[in-house]
1. Given springs between every Cα pair under 10 Å in a Gaussian network model of the chain, which of T115, T177, T45 has the largest fluctuation?
2. Can you sort W127, W179 by how many other beta carbons sit within 10 Å, fewest first?
3. Would you tally the net charge around Y12, using a Cβ to Cβ cut-off of less than 10 Å, leaving Y12 out, and scoring K and R as +1, D and E as -1?
4. What FRET efficiency comes out for A124 versus D42 if R0 is 22 angstrom and r is the Cβ-Cβ distance? Round to the nearest 0.05.
5. List the pairs from K25/K67; K25/K96; K96/K169; K8/K67 whose alpha-carbon separation is above 30 Å, in the order I gave them.
Amino acid sequence: MARYPSLKDGDYLETLFKRFPRGVKPLLELHDALMREPSELDAATRELISAYVSGLNACRFCFGAHKAMAQAFGIDPELIEALVISGPAGAGVNEKLVPLLDYVRQITEAPGKTTDHMAEAVYAAGWSEDALYDAVAVAALFAYMNRILEGAGIEPKPVFSAPSEDELKIRREGDYTGWGRKAGLID
């Protein structure tokens with residue numbers, strides 16, 4: 001059941017944003033800035049982080065959507081499942097990603113307990129301050145999005161569980177503001 005009386009069962013993010021349009025355009029622009037603009041973290045890694053954070057937060061909509069986005073950029077969806085269940089060290093991710101994803105997990109689950117030692121481990125793995133900032137910013141964005149969607153009771157779309165090659169291509173080639181325009185959410 002939708003948690004807002006103006007929404008119906010089966011409504012998705014588009015309907016939520018049409019009903020509550022305040023801030024949607026800058027939010028989608030922020031998605032593009034954090035998820036698609038040049039960064040030491042490629043789009044696949046940023047989508048992996050967004051799916052991971054969403055999995056940790058048990059946001060089924062964002063977990064499914066960004067697992068499919070990560071898949072569009074070449075990330076194995078089973079790796080993302082393993083990451084949420086086993087953590088970075090047990091999931092078989094690239095060794096360089098382990099301290100970065102450990103940091104993301106910490107700021108997601110208990111941000112006040114994040115330590116200098118954890119940041120030092122990220123730098124020792126070869127990441128820059130910019131990469132750490134980008135990872136934190138993506139995690140923060142999806143903490144916000146997870147709460148918006150879970151607060152509204154929005155369920156995942158069926159396409160997330162088995163996206164077609166065409167769907168993956170659209171995700172890989174698109175951006176967030178373009179999606180917003182196509183959905184009639186922004187001009």
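Any read-out appearing in this document is the output of simple, stated calculations on the displayed coordinates, not a laboratory observation. Remember, predicted model here, so these are calculated numbers, not experimental data. In this analysis, Cβ positions are derived from the backbone assuming ideal geometry, glycine residues included, and neighbour counts consider all displayed protein chains.
1. Judging by the Gaussian network model, the answer is T115.
2. Working: W127 21, W179 18.
In order of increasing Cβ crowding within 10 Å: W179, W127.
3. Values: positive: K157; negative: D11, E14, E155.
Neighbourhood net charge equals -2.
4. Numbers: r = 21 Å, r/R0 = 0.94.
Once rounded, the FRET efficiency stands at 0.60.
5. Flagged as over cut-off: K25/K96.
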